[in-house]
Amino acid sequence: MVIKLTGNDISNKLRRKDAFSFVELLISASILMVIVIGLLYTYIACFELNEFSRNLTLANNALQAKLESIRETPFDSITALDGTTFSLDGFASGQAIGVVDIYDSVYSDLKYIRLVACWKQKSNRVIGEDTNLDGTLQPQEDANGDGDGILDSPAEIITLISRVE
């Protein structure tokens, strides 16, 4: 059996070739680019979260060390530490600060101790409300909108210390 191909049959075969059109390639490249940009953003965000986690751990360790030194202070001298600032181990000079707040409780033999740490990330974002890292809270720094006048940060230690007899 002999098959004869006419001119129409040949041109139909050429039109039905298994290839992508230019429009299909542009659409697929656009979709791929959106996916790659999303993955890149996620990768960068993971680096930032890793740095935040590392710095939060360093800040909490420094606060815990400061709390231990406060516990060694005689009870009657603890109030003198109120409002003092200290540097945080593991951070470069001027990149982090810790603040000691001490309050009297309703009991004379009990002190309320609050330690707060603020620091600057590599991206220059300051973690905590003390944006200029000077150890004091200015009204414009009370950024979270609560207007409580208290220095806030993700790194805080709050405890009570009593007189030992």
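The values are calculated or read from the model by the stated rules, or taken from the named source; none is laboratory data. Since this is a predicted model, take the numbers as computed values, not measurements. Please note: Cβ atoms are built from the backbone with ideal geometry, for glycine as well, and neighbour counts cover all protein chains shown.
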**Report entry** Yes/no for Gly147 being on the phi > 0 side of the Ramachandran plot and either out of contact with any helix residue (DSSP H, G or I) (no Cβ under 7 Å at 6 or more places or on another chain) or modelled with pLDDT of 85 or more (or both)
**Finding:** yes
Query - Every residue from the stretch 44-82 that is acidic (Asp, Glu) and within 14 Å of Lys120 (Cα to Cα) - result: Glu48, Glu51
Query raised in the report: Residues in the stretch 136-147: is at least one within 17 Å of Ala62 (Cα to Cα), in contact (Cβ under 8 Å) with a residue 12 or more places away in the chain and surrounded by 12 or more Cβ atoms within 10 Å (Cβ to Cβ)?
Result: no
Report task. Count, please, the residues in the stretch 156-165 that happen to be at pLDDT 80 or above and more than 23 Å from Thr57 (Cβ to Cβ). Result -> 4
Report task. Of all residues in the stretch 99-110, count the ones that are in a strand (DSSP E or B) and either small (Gly, Ala, Ser) or touching a residue at least 24 places away in the same chain (Cβ under 8 Å) (or both). Result -> 6
Requested in this report: Output yes when any residue across the stretch 86-98 is free of Cβ contacts under 8 Å to residues at least 12 places away in the same chain, outside any loop (DSSP other than H, G, I, E, B) and either of a type in the set (Phe, Trp, Tyr) or in contact with a Pro (Cβ under 9 Å, 6 or more places away or on another chain) (or both), and no when none is.
Outcome: no
Report task. Would you point out the residue of the stretch 110-135, among those that are surrounded by fewer than 18 Cβ atoms within 10 Å (Cβ to Cβ) and of a type in the set (Gly, Ala, Ser), that is nearest to Ile70 (Cα to Cα)? Result -> Gly135
**Report entry** Selection within the stretch 61-75 - in contact (Cβ under 8 Å) with a residue 40 or more places away in the chain and either farther than 19 Å from Ile150 by Cβ or not hydrophobic (A, V, I, L, M, F, W, C) (or both)
**Finding:** Ala62, Gln64, Lys66, Arg71, Phe75
Query raised in the report: In this structure, does Ser153 turn out to be modelled with pLDDT of 90 or more, surrounded by 16 or more Cβ atoms within 10 Å (Cβ to Cβ), polar (S, T, N, Q) and not in a strand (DSSP E or B)?
Result: yes
Query raised in the report: For the stretch 79-95, does any single residue satisfy the condition of being within 22 Å of Ser69 (Cα to Cα), touching a helix residue (DSSP H, G or I) at 6+ places or on another chain (Cβ under 9 Å) and hydroxyl-bearing (Ser, Thr, Tyr)?
Result: yes
Requested in this report: Residues being of a type in the set (Val, Ile, Thr), surrounded by fewer than 17 Cβ atoms within 10 Å (Cβ to Cβ) and over 22 Å from Arg125 (Cβ atoms): count how many of those fall in the stretch 83-103.
Outcome: 1
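Matching residues to (1) basic (Lys, Arg); (2) assigned to a strand (DSSP E or B):
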position: Lys122; (1), (2): yes, no
position: Thr131; (1), (2): no, no
position: Leu137; (1), (2): no, no
position: Gly149; (1), (2): no, no
position: Ile157; (1), (2): no, yes
Report summary line: Selection over the stretch 150-165 where residues are touching a helix residue (DSSP H, G or I) at 6+ places or on another chain (Cβ under 8 Å) and of a type in the set (Val, Ile, Thr) yields a count of 4
